[in-house]
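The values are calculated or read from the model by the stated rules, or taken from the named source; none is laboratory data. None of these values were measured; they are calculated from a predicted model. Cβ placement follows ideal geometry from the backbone for every residue including glycine, while neighbour counts extend to all protein chains displayed. For the accessible areas, the whole protein counts, side chains as well, though only heavy atoms, and no ligand, DNA or RNA atoms are used. Shrake-Rupley method; radii C 1.70, N 1.55, O 1.52, S 1.80 Å.
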Amino acid sequence: MSRFLLDAMADARQHTLTLIDGLDRDQLMGPMLPIVNPLLWEIGHTAYFYEYWILRRHLGLEPVFDTVDSLYDSITIDHDDRWSLPLPDPDATLAYMEEVQRLVREQVENGGPDPRRDYLLEYAIYHEDMHTEAFTYTRQTLEYPAPAIGAVAREQLQGRLDGDVEIPGGVFQLGASPGGGFVFDNEKWAHPVTVEPFAIARAAVSNAEYAAFVEAGGYRDQRYWDEQGLSWLRLSGLACPRYWREGDDGWEMRRFDGWEPLPADAAVVHVCWHEAQAWCRWAGRRLPSELEWEVAATGQPDGRGGLSPEKRRYPWGDAAPATRLVNLDGRALGTIAVGALPAGDSAFGCRQMIGNAWEWTEDSFGPYPGFTPDMYQDYSQPLFGHTRVLRGGAWTTRGRMIRNTWRTYYGPERNDVFAGFRTCALQDVTG
């Protein structure tokens with residue numbers, strides 16, 4: 001386990017370095033925006049997380065340098081203040097990151113078995129993995145050049161996938177179960193809930209499907225927007241998704257610093273919860289509940305017309321994510337066709353429920369029964385009631401951390417993140 005964690009730590013750090021490669025100090029600071037951090041601060045913060053929780057809180061070591069808490073503690077440093085901090089220059093920041101990693105590696109290699117240390121290390125690795133996803137959408141937001149990641153040609157992954165699958169009702173264990181490996185506090189613990197039969201799309205909504213809504217005047221027709229959505233729409237001034245424009249030969253989308261033809265069959269991405277809801281009203285559909293999403297991703301039929309008590313770790317089973325199954329780890333540098341990768345289907349026939357695009361659900365983010373915060377108490381609970389649940393991961397998400405029970409959360413206005421959606425039929429499938 002310790003060897004695996006050390007390798008994962010090194011991989012997470014290399015991914016961080018790749019995502020900031022080629023950016024100068026001005027780009028590493030960037031403009032003050034509410035949806036991003038200055039990258040120079042953020043990369044130091046990821047190293048600080050290892051230092052604070054493993055080296056200091058658990059092992060009792062002294063700070064790497066005296067003022068580190070006043071620079072990188074995200075709990076005590078307000079977001080807008082991060083641009084005015086006396087941050088070390090890029091070389092010094094990288095040196096700090098290297099020193100923290102050296103000290104952690106030394107403690108793991110020489111310290112003997114220590115389950116608590118290893119738990120904190122795994123937590124810190126996933127924390128860095130989540131930030132590397134933020135580094136990627138920051139490069140997109142700020143129109144920086146595409147990072148040097150991606151080895152899969154998106155044009156080779158084509159295909160549509162229409163229609164719904166019908167899911168039986170029954171009692172389902174929502175959430176993660178003890179003994180299944182590392183999970184975050186908001187996944188704890190599996191608890192019985194009753195789900196009614198429903199029909200859910202086999203695939204996420206594609207660019208072409210979303211473009212039909214835009215072309216039908218969906219952004220101008222108030223019937224498709226509730227009061228909060230309409231307020232967001234007016235404030236945004238948008239007439240189409242954030243990174244779209246009409247070109248001479250049709251729709252185009254901006255990928256990092258370049259414009260290209262909109263890939264029709266690729267999963268739509270960079271749409272907010274309000275936009276997803278408006279599309280659903282136009283199409284006569286609805287977003288799935290968080291419960292329905294997890295049933296479709298992880299549940300299995302029992303052979304008698306109901307739900308099995310057994311759940312899968314991933315839609316396709318328990319095998320680790322692989323390129324023939326999922327679009328993860330930045331391999332395609334964007335979303336691929338919604339009909340690609342059939343080997344990754346869930347037991348009920350839903351495709352790409354892991355990877356490609358995060359999927360909005362209907363639900364507000366909240367605790368499961370008996371919730372108790374983990375050691376990093378501000379990971380989940382400050383966002384309860386203020387954000388919406390997304391499931392499944394995106395093309396940027398690291399395969400080592402994602403699973404069917406993973407919950408992430410963003411405000412319903414966020415259209416900068418790698419989020420799309422799939423939908424459910426309105427009618428009761430038993431009717």
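Some points to look at:
- Residue in the stretch 40-56 that is touching a residue at least 60 places away in the same chain (Cβ under 8 Å) and surrounded by fewer than 16 Cβ atoms within 10 Å (Cβ to Cβ) present: no
- Top-ranked residue of the stretch 308-319 - restricted to ones that are under 18 Å from the mean Cα position of the chain (by Cα) and in a loop (DSSP other than H, G, I, E, B), ranked as farthest from Ala297 (Cα to Cα): Arg313
- Lone unmet requirement of (1) open to solvent by less than 60 Å² (accessible area, probe 1.4 Å); (2) under 27 Å from Gly349 (Cα atoms); (3) over 19 Å from the mean Cα position of the chain (by Cα) for Gly217: (2)
- The set of residues in the stretch 382-411 that are surrounded by fewer than 17 Cβ atoms within 10 Å (Cβ to Cβ) and either free of Cβ contacts under 8 Å to residues at least 12 places away in the same chain or on the phi < 0 side of the Ramachandran plot (or both) comprises Pro382, Phe384, His386, Gly411.
- Scanning the stretch 294-307 for residues that are open to solvent by 40 Å² or more (accessible area, probe 1.4 Å), within 16 Å of Ala199 (Cβ to Cβ) and touching a strand residue (DSSP E or B) at 6+ places or on another chain (Cβ under 8 Å) returns a single hit, Pro301.
- Pairs with Cβ under 6 Å, 6+ apart, first in the stretch 101-122 and over 14 Å from Arg56 (Cα atoms), second open to solvent by 50 Å² or more (accessible area, probe 1.4 Å) and hydroxyl-bearing (Ser, Thr, Tyr): none
- Filtering the stretch 323-346 to residues that are in contact (Cβ under 8 Å) with a residue 40 or more places away in the chain, closer than 20 Å to Asn404 by Cβ and small (Gly, Ala, Ser) leaves Ala340, Ser346.
- Selection of strands (runs of 3 or more DSSP E) fully inside the stretch 329-413 by the criterion of at least 2 residues being over 20 Å from Ala134 (Cα atoms) returns 358-364.
- Restricting attention to the stretch 57-89, the residues that are of a type in the set (Phe, Trp, Tyr) and in a helix (DSSP H, G or I) total 2.
- Counting residues in the stretch 242-249 that are in contact (Cβ under 8 Å) with a residue 40 or more places away in the chain and either touching a Ser or Thr at 6+ places or on another chain (Cβ under 7 Å) or not hydrophobic (A, V, I, L, M, F, W, C) (or both) gives one or more.
- Residue within the stretch 282-293 that is of a type in the set (Phe, Trp, Tyr), at pLDDT 95 or above, open to solvent by 20 Å² or more (accessible area, probe 1.4 Å) and more than 30 Å from Arg234 (Cα to Cα) present: no
- Considering only residues in the stretch 412-431 that are closer than 23 Å to Asp164 by Cβ and β-branched (Val, Ile, Thr), the one that is most open to solvent (accessible area, probe 1.4 Å) turns out to be Thr430.
- Scanning the stretch 155-204 for residues that are open to solvent by 40 Å² or more (accessible area, probe 1.4 Å) and among the aromatic types (Phe, Trp, Tyr) yields a single hit, Trp189.
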